Amino acid sequence: MEAPGSLSTALRRGTLEFCVLALMEDGEQYGVELVRRLGSERTLTTSEGTLYPLLARLRRAGWVETTWRESPSGPPRRYYALTRQGTVALRHFREEWTDFRDTVDRIVGTRPA
């Protein structure tokens, strides 16, 4: 049996990539900005050490594409943008998530039957 903290880590691990994709729906983002935006959500706080490997996996999967841009201060920044495949994956996740969440809520008693 997992400790309560382990449970939230497992839940976050299973959904974080789709949360990142959803944050890119409004336009391209750079990594540090994604870390900040996730950090503003108590249960999604993550580090650059977690996010950058995740972004690399999303890029290899074809769900995001990257471009380099000069920064007004400091080195160039790599921006990440959702691809058409990423949009399709996110749409599919939303459909699956809704059904999954509703079922779990009903079973564990957080939503009426």
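Data for the structure
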{"quantity": "With 5 Å bins from 0: P(r) over the stretch 43-82, alpha-carbon pairs, percent", "calculated": "6, 21, 22, 23, 20, 7, 1"}
{"quantity": "In degrees, nearest ten, helix 84-108 long axis to first principal axis of the chain (Cα)", "calculated": "20"}
{"quantity": "Computed [θ] at 222 nm, deg cm²/dmol, the chain (DSSP H ≥ 4; -39,500 (n - 2.57); rounded to nearest 500)", "calculated": "-20000 deg cm²/dmol"}
{"quantity": "The chain - percent relative contact order, Cα under 8 Å, separation 6 or more", "calculated": "24"}
{"quantity": "Nitroxide proxy distance, nm - points 7 Å out along Cα→Cβ at ARG57 and THR103", "calculated": "2.2"}
{"quantity": "Percent of Cα-Cα distances greater than 18 Å, calculated over the stretch 4-108", "calculated": "53"}
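Computed from the coordinates by the stated procedures, all read-outs in this text should not be read as laboratory data. Fair warning: this is a prediction, and the values are worked out from it, not measured in the lab. No Cβ is skipped: glycine too gets one built from the backbone with ideal geometry, and neighbour counts run over all protein chains shown.
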